[in-house]
């Protein structure tokens, strides 16, 4: 990999002045599971790497009265094993536990997963379904507006994501990851399907340039009891609402079939009262 | 530009000056001549470079050299003490849980970290703990049995 300068600021203000100094020619480093590979493959060649792990203001998971706070230092392992996350949002813990390997989850962060903005990011769909909010030093952005395209976000060159805020909510549902291998693999399709009261939230990854919320399918379901016939309608609607492509992992047709299958299976599980696999 | 890093490697203090674009793996192998840690994929997928950093297994190929500053790192060279293999290493030998041996240091480090955290893991937990380590010749059955055997002897 090309050489670069390495900075490890200890405060947010120091990190922000480095961000301002380098602009687009610096990259932020947390767990490194995406950044180091991009450096090695020459996909990026920054002048400087700014390691955020020394910043005193950044945290791991904080569970308070109103929110789940996924601080920028939260590793996938911490998120997957956090007792409150496991209790309230098991599908989010499940998604985190399905990323990479044990070694990788000890380093990779949830915030990094979102900032990297891959269409198949595993923690994307649960956070989309939870209406999570991405928080930077300057502003709060709903997660569906934060990720704008494949590997693009609305993060400005002088901003740093400090964490992701999930307002407390009562919901149940499940995360599904379809991949060739159950561990250490990328999602062919991933999804989170939730029920909160009489409303439904369906979110899919790897079926469009960004993770998607299926608003039309949700509208079809909201406020009505789940029946087998309505689930069928939703499965057909979900299939029409996504825009997958064919790639190395699967064909467009396979992905459409999986979207239909996951929608049917997850909603049926909700109808039957269960949500756990 | 080089960066000063201080860390402990298998219990010994180290101080080095490293370029930012080296990885931990390169520092261990090329700067310190600790060749037990292997480079397989170089992308955090195969686990051949697994070391224990601050008590947890990580892939040395995706840690930048300057990030090593302050870490406590254990490699396969640190397992045997005074020429005596650990029970886990003995179990790998007695089960013939290796052929070419390239992946073995990584498996040993993943399994060592597992057994410290969970001295009596279920088979499923063993399988999960080593799912980030690939073996292309021995197959996994003997490796799993060796770890089960070492776990069985734990604290008995």
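Residue separation of residue B:137 and residue B:84 scaled by 0.36 nm, minus their Cα-Cα distance, works out to 16.4 nm of gained length. Whole-percent P(r), the range B:2-78, all Cα pairs, 10 Å bins from 0: 21, 61, 18. Using the alpha carbons alone, the radius of gyration of chain A stands to its Kirkwood radius in an Rg to Rh ratio of 0.98. Considering all different alpha carbon pairs of the range A:5-54, the Kirkwood hydrodynamic radius works out to 10.9 Å. Restricting the calculation to alpha carbons of the range B:87-152 gives Rg and Dmax of 10.3, 28 angstrom. Taking the Cα atoms of the range A:177-228, the ratio Rg/Rh between the radius of gyration and the Kirkwood radius comes to 1.08. Quick one: helix A:12-22 against the long Cα principal axis of chain A, what's the angle to the nearest 10°, folded into 0 to 90? The answer is roughly 80 degrees. Per-residue ellipticity at 222 nm computed for chain A from its helices equals -9500 deg cm²/dmol, with DSSP H segments shorter than 4 residues left out and the rest contributing -39,500 (n - 2.57). Treating each Cα of the range A:57-167 as an identical point scatterer and summing with the Debye formula, the log10 of I(q)/I(0) at q = 0.20, 0.22 Å⁻¹ comes to -1.03, -1.27.
From its DSSP helices (H runs of at least four residues, each -39,500 (n - 2.57)), chain B gives a residue-normalised ellipticity at 222 nm of -8000 deg cm²/dmol. Computed with the Debye formula from one identical point scatterer per Cα of chain B, without solvent, the log10 of I(q)/I(0) at q = 0.11, 0.15, 0.21 Å⁻¹ comes to -0.41, -0.75, -1.34. For the range A:15-121, the relative contact order is 25 percent, taking Cα pairs closer than 8 Å that sit 6 or more residues apart in sequence and dividing their mean separation by the residue count. Taking every C-alpha pair closer than 8 Å and separated by at least 6 residues, the mean separation divided by the residue count of the range B:87-152 gives a relative contact order of 53 percent.
What the Cα convex hull of the range A:127-187 gives, in volume per residue, is 123 Å³.
With all pairs of different C-alpha atoms in the average, the Kirkwood value for the hydrodynamic radius of the range A:172-271 is 13.5 Å.
In percent, rounded to a whole number, the relative contact order of chain B is 24, using alpha-carbon pairs under 8 Å and six or more apart. Between 0 and 90 degrees, the angle of helix B:104-117 with respect to the longest Cα principal axis of chain B falls at about 80 degrees.
Put simply, the C-alpha atoms of the range A:1-125 give a gyration tensor, and the ellipsoid matching it has half-axes of 27, 18, 11 Å, longest first.
Relative to the longest principal Cα axis of chain A, at what angle does helix A:228-241 sit, 0 to 90 degrees, rounded to 10? It is inclined by approximately 40 degrees.
Only the coordinates and a few stated rules stand behind these numbers; no lab work does. What you are looking at is a predicted structure, and each value in this text was computed from that prediction instead of being measured.
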